[in-house]
1. So which helices (runs of 4 or more DSSP H) are wholly in the stretch 81-148 and hold at least 3 residues that are in contact with a helix residue (DSSP H, G or I) (Cβ under 9 Å, 6 or more places away or on another chain)?
2. Quick one: what pairs do we get from the stretch 112-127, first residue within 30 Å of GLN74 (Cα to Cα), second of a type in the set (Val, Ile, Thr) and surrounded by 14 or more Cβ atoms within 10 Å (Cβ to Cβ), C-beta under 7 Å, 6+ apart or different chains?
3. Please give the number of the condition VAL85 fails out of (1) more than 25 Å from the chain's Cα centre (by Cα); (2) within 30 Å of ILE211 (Cα to Cα); (3) aliphatic (A, V, I, L, M).
4. Which one of these does ASN102 not meet: (1) assigned by TED's automatic domain parsing to the domain that holds ILE225; (2) surrounded by 12 or more Cβ atoms within 10 Å (Cβ to Cβ)?
5. Tell me which residues, restricted to the stretch 134-155, are farther than 25 Å from ILE169 by Cα and not hydroxyl-bearing (Ser, Thr, Tyr).
6. For the stretch 44-68, enumerate the residues that are surrounded by fewer than 17 Cβ atoms within 10 Å (Cβ to Cβ) and of a type outside the set (A, V, I, L, M).
7. Only one residue in SER28, SER21 is without any contact (Cβ under 8 Å) to a residue 60 or more places away in the chain, among the hydroxyl-bearing types (Ser, Thr, Tyr), surrounded by 18 or more Cβ atoms within 10 Å (Cβ to Cβ) and not assigned by TED's automatic domain parsing to the domain that holds LYS195. Which one?
8. Which condition number in (1) crowded, with 18+ Cβ neighbours inside 10 Å; (2) not hydroxyl-bearing (Ser, Thr, Tyr); (3) not in a strand (DSSP E or B) is the one that VAL200 fails?
Amino acid sequence: MELWNFILNSQKRMDILEELSMNNPQKSLDIAKKLEMRWQDVSTQLNLFVEKKLAIKDGTQFYLSKQGQIYKSQIKNLQNLETNVEKYSEFIDNHNIEKIPNCFVRDFLTWEKNKLSHITSLDVFPFISKNVKGSKTEHLGIFSRISKDIQDIFSGMKDNITIRIIYPIEEVDKLKEKDIVFDNQNYYLRFVERKEMYCVMQVCDRNFSWIGFEDQRNEFDYLNIIEGNDSRFLDWSVSNFEYLWNNSKKL
């Protein structure tokens, strides 16, 4: 926390850290000109960065250390988080996001270019169906209910598309034997207890994803979702899927 406080307590330090790069060593005078700061102030802060192992000095030039890069990226995440918490405040209040595992809370809402979408109940199936049919190589899904219509779409997918779906085990009685063992060898089903699920989602070719959470009635909300193709959001979605996949079971 001491190092975080050192950085966050000074806008000047945050600006200098943002300007530094691992691959492009710079002189303190050049940084001072870019940031329109006094050279003496920049030079003092850069030497403090070196002392605290946030930066490395090579002759008269400075560049980020690996540790400095980590702090730099996390400050950007904090800035995105601050913006998005305000943007999604109503969404947060209306959903049980406290169920997100601690290992994923850190990166929740640190994405840059996602949007909050409000879908009507009539649009949910066409939206899900479009995402399934639009997947060309891989489709990942977590659904709270087993729908015959969606199952029929999965069964008609081409063999070259890998499909992995997670359902609550409480829904398993809705499946027929042919649904569990499709001719398509790239279709995989797993099940978790409903209480272990904390989100529903689709990830399409790792190019687009959406995610929904439980509302205050403990029902999964398919009508108010976060969607986008921000790379951090896609990584976050896939990580959450893999977490539940690894904690799920086959029948």
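1. Numbers: elements: 89-93, 102-105, 124-134.
Result: 102-105, 124-134.
2. ASN114/ILE226; LEU116/ILE226; SER117/ILE225
3. (1)
4. (2) is the only condition that ASN102 fails.
5. Result: GLY134, LYS136.
6. First, the residues of the stretch 44-68 that are surrounded by fewer than 17 Cβ atoms within 10 Å (Cβ to Cβ): 44, 47-48, 50-53, 57-61, 66-67.
Of everything in the stretch 44-68, those that are surrounded by fewer than 17 Cβ atoms within 10 Å (Cβ to Cβ) and of a type outside the set (A, V, I, L, M) turn out to be THR44, ASN47, GLU51, LYS52, LYS53, LYS57, ASP58, GLY59, THR60, GLN61, LYS66, GLN67.
7. On the way: SER21 fails: surrounded by 18 or more Cβ atoms within 10 Å (Cβ to Cβ).
On inspection, the qualifying residue turns out to be SER28.
8. (3)
The values are calculated or read from the model by the stated rules, or taken from the named source; none is laboratory data. What you see is a predicted model, and the numbers here were worked out from it, not measured in a lab. Here Cβ is always computed from backbone atoms with ideal geometry, including for glycine, and neighbour counts include all displayed protein chains.
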